[in-house]
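A short worksheet on the structure shown next.
The values are calculated or read from the model by the stated rules, or taken from the named source; none is laboratory data. For clarity, every value in this text was computed on a predicted model and none was experimentally measured. Using ideal geometry, Cβ is built from the backbone for each residue, glycine included, and neighbour counts are taken over all protein chains shown.
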Amino acid sequence: MVRVEEPTQVDDELVAAFESLIPQLSSSSPPPTRAELEALMVALGIDDPREMMRTGEDAYGQLALADADRDELLDAIVEHPILLQRPIVVRDGRAVIGRPPEAVRDLF
């Protein structure tokens, strides 16, 4: 059994743990739903999905998303989860993109 604990403070060990995360959704994790993406945007305090997207990914260019609107971008992330920046850390209704890992400190 895996035990998961919520951190109560950010220290160098936690930052190091975030630095070692693989920036890829695992095949065992379901991709985020449209509703989850919209909730993430609220928690991140952003209006443009591009702010949580990996715009340098080949899929972004192949799908011609440079001129896409909000709905098209969210649909693209649902269909191609590689486009989502990771990790995104959520705490108490707020979220940050954990790049650089030190950004997680803003939640504490």
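Could you look through segment 1-20, keep only residues that are among the aliphatic types (A, V, I, L, M) and assigned to a helix (DSSP H, G or I), and pick out the one that is modelled with the lowest pLDDT? Steps first, please.
Step one: filter segment 1-20 for residues among the aliphatic types (A, V, I, L, M), giving 1-2, 4, 10, 14-17.
Narrowing the set further to residues that are assigned to a helix (DSSP H, G or I) leaves 14-17.
Details: L14: 70, V15: 70, A16: 67, A17: 63.
Top of the filtered list is A17.
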Could you grab me the full set of residues in segment 81-108 that are assigned to a loop (DSSP other than H, G, I, E, B) and among the basic types (K, R)? R86, R99
Residues of segment 55-108 that turn out to be more than 15 Å from E36 (Cβ to Cβ), charged (D, E, K, R) and under 10 Å from the mean Cα position of the chain (by Cα), as a count: 1
Evaluate the following for P23: is it surrounded by 14 or more Cβ atoms within 10 Å (Cβ to Cβ), closer than 17 Å to A95 by Cα and either within 16 Å of the chain's Cα centre (by Cα) or modelled with pLDDT of 95 or more (or both)? no
What tally of residues in segment 56-80 results from selecting those that are in a loop (DSSP other than H, G, I, E, B) and surrounded by 13 or more Cβ atoms within 10 Å (Cβ to Cβ)? 5
